[in-house]
Each structure stands twice: as structure tokens, then as C-alpha cells.
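Notes follow the structure.
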């Protein structure tokens, strides 16, 4: 890899080593962000700077006159600006320069450094940070090129690897399994038994993939009505849901019942009424809502919270494998950026030679 003295530096903290009670003290809201960018760019030591502040990280990317001094200045700035002692934060700070700083930005933008590997949100946050900095003229030629390159790298990683293809949440795992059972979810139906947050997320995920009909049952009928309205569905009285199970292709349970509320006989009746059409049961309650022997029935697919977590874990392992391919792309793109940067010293020389000719 070409070694360049770009005087690019990065100082930051993130979720990997810094607890949330520290990160929240170091966060920059929009007003603080704009004021900080303007302050830093007015410093003689800072040529360009961009601040990335999210719930999981606070990072300042800068091109400086001197890398060692620039790193110390940025650490002091973060500490002083938030009224915290530098000594209390040194254990959390990390800093990179030149190639390491470039690679880190590419990793962050491509979500290789995220809490959830492969998530898409971080790229939008990096773009927002760049847009804010550029609007305030705190960036210049090098950081503009670097961040534009980072966006292209993130796109390339997403297109050329499978890092974001497999779901790594319980709700996405539920959709993945449903698609294996029913293939196309268009016009299928889901019933929620219980109004837990995870069940609601799973239902919304299913709806986004084409599920059209939603039933909601809760021991508190008012909650059933409220959630049904949110999901554009139909509320059921809790005592009535057992008779209506046959209407649902997918059933998600999330009650706080101390014992099973759905037994084998109930599902047998539902399958009979469905004329043996498959039914997918998702039990995310602890204690479980559905008796495990239900899974012995034909055309019945029962998954509990541990089963879904196993799917998530397997998908995360696949994403980790894809991350290795992503790193190869990133290393290539770091070299390309360095090649571009190395031409910056050549251009003035060529112009000078032409002027002399």
C-alpha cells in the first residue's frame, strides 16, 4: 500500500469501548455541531474538518498542519467543549492518521464498524455529517474527495457482497422464515396474540413485504384496538381469537401468560378449517405461549424466540464472512485514494513547467 503523508487524522469514541453514559455527554446536537465546525476551521492548525455524531459514535475527521499536534488539539477540543477533563476521556479516545484514518472512514461508511454489521443507517448519518460540514465550508478538496469516495465504497460493498442481505433482527428473521414457507407474502394474513413491541415490529416487517390482513388480540381490548388502528387491522376480543386462528396464515404470540395459551387441539381444529393449508406460528413470549407438541402436526411450523435467535446468529455469521470480502474492497479503495492524493503534488509542478516553457 502506498504510504502518504496526507495529514489526515481522526479522533473519536464509539460503542465498542465507550459506555453510553460517556457517549451521551460527548454528543453534538445540530447547533453544537455547526458551532464546533466553524470554530475548528478557524484554528490555524486545522485545514478541513467534519464531525460525525451518532448515538454510537462521535468522531472528528480533519486535515491538519501537523498530525501529532492535530490529534492532541482534537482530543482537547472534544473534552473542553463538553466540559469534561481530558484525563477522564483519554481511556476512551482512539486516533488514526493517514491510511488508518482513511480505512476507518471506509469501514464506518460500509457499516463494518457498526453495532449491527451491515446495517444501512450509518451511511445516511455519514452523508448528513458531510453535507453539514460542506454547507459551512469546513471541508476542502481532500475531505470532499475522501467522503465522496467513502460513499462509493459503501455502495460497492453493498452491491458486491452479501453483507446486508440476511436479516439480523428477530423481526427480519420472522420474515425470512415466512418467505421460505409461503414464498410470496402478498395477500397473506397475520394475527398478533398480545401487543408486545417485538411482535408489533415483526408485523410491520411482514406488512412491508405484502401481508395484507392483520388481526390483533389482547387481554386488554383497548390495546388491541389501538394497535389494530396503527397496523390498519382488525381488533379481536381475547376470548374469541382461538376460534379465529384458522383465518391467519401467520400467528405471532407475545403475551405475558404464565402457561401455554395455544395447545395442539386448537391448532388441529384451525388446520382442519384451513383445509391443511400451512400455518406459521411465531412464539416470542417468555414463558412460551404455544405448547411445543404443536410442531408435531403436519403443515404447522412453530418457531420460538430461541429458534429465531438461532436464525439471527447464523445470518450474523454469514455477514461476518462477507465482511472479509468487504475489507478486500476497502483496502483496494484506500490505495486508489492514495494514488489520487499523490497526484496533488504533481499538478502544481506540471503547471509551473508549462508556464516556463
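Structural remarks
- Out of 150, 224, one residue alone is in contact with a strand residue (DSSP E or B) (Cβ under 6 Å, 6 or more places away or on another chain) and crowded, with 22+ Cβ neighbours inside 10 Å. It is 224.
- Single match in 23, 107 (criterion: assigned to a helix (DSSP H, G or I), in the same structural domain as residue 130 (by TED's automatic domain parsing), under 29 Å from residue 336 (Cα atoms) and out of contact with any strand residue (DSSP E or B) (no Cβ under 6 Å at 6 or more places or on another chain)): 107
- Residue pairs whose Cβ atoms lie under 7 Å apart, sitting 6 or more positions apart in sequence or on different chains, and linking a residue in the stretch 281-300 that is without any contact (Cβ under 8 Å) to a residue 24 or more places away in the chain and assigned by TED's automatic domain parsing to the domain that holds residue 260 to a partner that is surrounded by 19 or more Cβ atoms within 10 Å (Cβ to Cβ) and not in a helix (DSSP H, G or I), are 295/302.
- Any hit, the stretch 123-130, residues being at pLDDT below 95, surrounded by fewer than 20 Cβ atoms within 10 Å (Cβ to Cβ) and within 30 Å of residue 314 (Cα to Cα): no
- Pairs are defined by a Cβ separation below 8 Å, a sequence spacing of at least 6 or placement on different chains, a first member in the stretch 131-142 that is over 12 Å from residue 34 (Cβ atoms) and assigned by TED's automatic domain parsing to the domain that holds residue 46, and a second member that is modelled with pLDDT under 95 and buried (at least 16 other Cβ atoms within 10 Å of the Cβ); the pairs so defined are 142/6; 142/341.
For (1) at pLDDT below 95; (2) in a helix (DSSP H, G or I); (3) under 21 Å from residue 202 (Cβ atoms), each residue gets a yes or a no:
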{"site": "271", "(1), (2), (3)": "no, yes, no"}
{"site": "275", "(1), (2), (3)": "no, no, no"}
{"site": "309", "(1), (2), (3)": "yes, yes, yes"}
{"site": "316", "(1), (2), (3)": "yes, yes, yes"}
{"site": "323", "(1), (2), (3)": "no, yes, no"}
{"site": "332", "(1), (2), (3)": "no, yes, no"}
{"site": "336", "(1), (2), (3)": "no, yes, no"}
{"site": "344", "(1), (2), (3)": "yes, no, no"}
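- The set of residues in the stretch 181-220 that are touching a strand residue (DSSP E or B) at 6+ places or on another chain (Cβ under 9 Å) and exposed (fewer than 15 other Cβ atoms within 10 Å of the Cβ) comprises 187, 212.
- The combined condition, being at pLDDT 95 or above, under 30 Å from residue 104 (Cβ atoms) and either assigned to a helix (DSSP H, G or I) or touching a strand residue (DSSP E or B) at 6+ places or on another chain (Cβ under 6 Å) (or both), is fulfilled by residue 327.
- Residue list for the stretch 79-104, restricted to those being assigned to a helix (DSSP H, G or I) and either within 30 Å of residue 160 (Cβ to Cβ) or under 10 Å from the mean Cα position of the chain (by Cα) (or both): 98, 99, 100, 101, 102, 103, 104
- Lone qualifier among 211, 216, 190 - being part of a loop (DSSP other than H, G, I, E, B), over 30 Å from residue 64 (Cα atoms) and at pLDDT 95 or above: 211
- Residue in the stretch 290-302 that is in contact with a strand residue (DSSP E or B) (Cβ under 8 Å, 6 or more places away or on another chain) and in a loop (DSSP other than H, G, I, E, B) present: yes
- Residue 57 vs. criteria over 27 Å from the mean Cα position of the chain (by Cα) and under 30 Å from residue 327 (Cβ atoms): no
The values are calculated or read from the model by the stated rules, or taken from the named source; none is laboratory data. Only a predicted model underlies this, so the values are computations on that prediction, with no experimental measurement involved. Cβ sites come from the backbone with ideal geometry, for glycine too, and all protein chains shown count toward neighbours.
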